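What follows is a single structure, written as structure tokens, with notes after it.
Only the coordinates and a few stated rules stand behind these numbers; no lab work does. In this text, all values refer to a predicted model and were calculated from it rather than measured experimentally. Glycine also receives a Cβ, built like all others from the backbone with ideal geometry; neighbour counts cover every protein chain displayed.
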Amino acid sequence: MSDPLKALGRYRPYGWLATVGVILPSANTVMEPELARLAPSGVTFHGARTPVRGVPSQDSLNAMAAGTETAAEDLASAEVDLVLYGCTSGSFMTDGERLVERLHQIAGVPATTTAACVLAALRALGAQKVALATPYRQFITDGEVAWLEAEGFAVTSALGLDMGETERERRAINRIPPEVCYRLGREADRPDADVLFVSCTAMASLGVMQALERDCGKPVITSNLASAWGVMRQLGLREPMPWDCRLAELA
């Protein structure tokens with residue numbers, strides 16, 4: 001008599017195409033809902049958190065990166081197919097390649113970061129010049145410009161809200177109205193930019209991304225859109241994303 005568990009061992013009621021473990025800063029309440037909106041049927045995202053304390057600084061970013069190791073251990077027990085570190089600044093202001101290798105070792109599955117997904121999305125769109133909009137403190141926005149330029153992109157403009165002077169203000173990034181994101185993006189855009197990049201996984205920009213693409217007349221990527229697109233590409237999935245935008249057309 002055959003053992004039915006041989007088949008059931010491969011069964012998943014929801015993430016039958018893929019389950020993705022997402023490590024995000026503990027204060028982030030935006031990324032998970034936006035990833036759920038971007039996930040095609042059969043792909044699920046499962047969150048774990050790394051502690052975020054105090055005001056943004058290089059030390060706090062390093063502490064978040066260190067906290068991903070415990071989160072990766074937790075996600076390994078969920079038998080996810082891939083681990084994503086879902087913090088844009090946390091993955092370009094630290095050693096992203098070393099972090100990916102460490103997450104892979106701990107979880108035993110492929111790993112990536114939001115920063116790596118953003119780079120892949122920009123290159124897939126053929127971008128050479130990027131307009132940048134962020135909510136970050138100025139030193140992080142400056143760091144993002146330096147990172148993009150080191151990766152071969154010209155940054156035509158960089159506009160940040162300089163938020164995070166206090167821990168309460170940093171948590172308020174989750175509450176930035178999408179309409180503010182739209183106006184920030186329009187102000188950051190430049191005619192010679194190939195792509196507008198609205199950065200930060202904690203800023204609810206997905207809802208106005210299509211309006212920005214329409215009104216700016218160019219592709220727009222957000223941190224969460226690039227993350228969802230990037231992990232599906234890395235997993236070899238070609239299931240269409242349920243989102244009408246230029247990047248989703250390349251899935």
Scan [x] 0.98; [y] 1.32; [z] 1.01 for the value of Rg/Rh (Cα atoms, Kirkwood Rh) calculated from this model and give just the label. [x]
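Run the dipole for the chain about the Cα centre, Lys and Arg Cβ at +1, Asp and Glu Cβ at -1, nothing else charged, and hand back the magnitude in debye, nearest 20.
Working: 23 positive and 30 negative charges, 89 e Å.
It works out to roughly 420 debye.
What is the calculated FRET efficiency for Y14 to A211, with r their C-beta to C-beta distance and R₀ = 41 Å, to the nearest 0.05?
0.85
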In whole Å, how far is the Cα centre of the range 221-244 from that of the range 197-211? 14
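For the range 117-222, what is the relative contact order in percent, using Cα pairs closer than 8 Å and at least 6 residues apart in sequence?
32 percent.
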For D74, D192, D3, D81, what's the fewest-to-most ordering of other Cβ within 10 Å of each Cβ? D3, D192, D74, D81
Taking the number of other C-beta atoms within 10 Å as the exposure measure, put W243, W16 in order starting with the fewest. W16, W243
What does the charge dipole of the range 175-241 about its Cα centre add up to, to the nearest 20 debye, if the Cβ of each Lys and Arg holds +1 and the Cβ of each Asp and Glu holds -1? 140
Between S41 and E249, what length comes free when the chain is fully extended (0.36 nm per residue of separation minus the Cα-Cα distance, one decimal in nm)? 73.2 nm
Which shape class applies to the range 117-222: rounded if a/c is under 1.5, otherwise prolate when a/b exceeds b/c and oblate if not, where a ≥ b ≥ c are the square roots of the Cα gyration tensor eigenvalues? oblate
Helix 206-216 versus the longest principal axis of the chain: what is the Cα-based angle in degrees, 0 to 90, to the nearest 10? 50
Taking the alpha-carbon centre of each part, the distance from the range 1-58 to the range 83-151 in Å is 19
Ordering of 21-27, 43-49 by burial proxy (mean other Cβ atoms within 10 Å per residue, highest first): 21-27, 43-49
Extension reserve of the A66-K129 stretch, reckoned as 0.36 nm per residue once the Cα distance is removed: 19.4 nm
Specify the angular offset, from 0 to 90 degrees and rounded to the nearest 10, of the alpha carbon long axis of helix 58-77 from the longest principal axis of the alpha carbons in the chain. 20
Rounded to one decimal in nm, the spacing of the 7 Å Cα→Cβ label points at A120 and A7 is 3.3
Packing-based exposure ordering (other Cβ within 10 Å, fewest first) of S199, S57: S57, S199
Just how large is the dipole of the range 117-222 about the Cα centre, in debye to the nearest 20, putting +1 at every Lys and Arg Cβ and -1 at every Asp and Glu Cβ? 260
Taking the Cα atoms only, what angle lies between the long axis of helix 96-107 and the longest principal axis of the chain, rounded to 10 degrees? 20
Segment E101-S26, length gained on full extension (0.36 nm per residue, minus Cα span): 24.8 nm
Would you work out which of T94, L235, A63 lies farthest towards the positive end of the dipole of the chain? Charges go on Cβ: Lys and Arg +1, Asp and Glu -1. L235
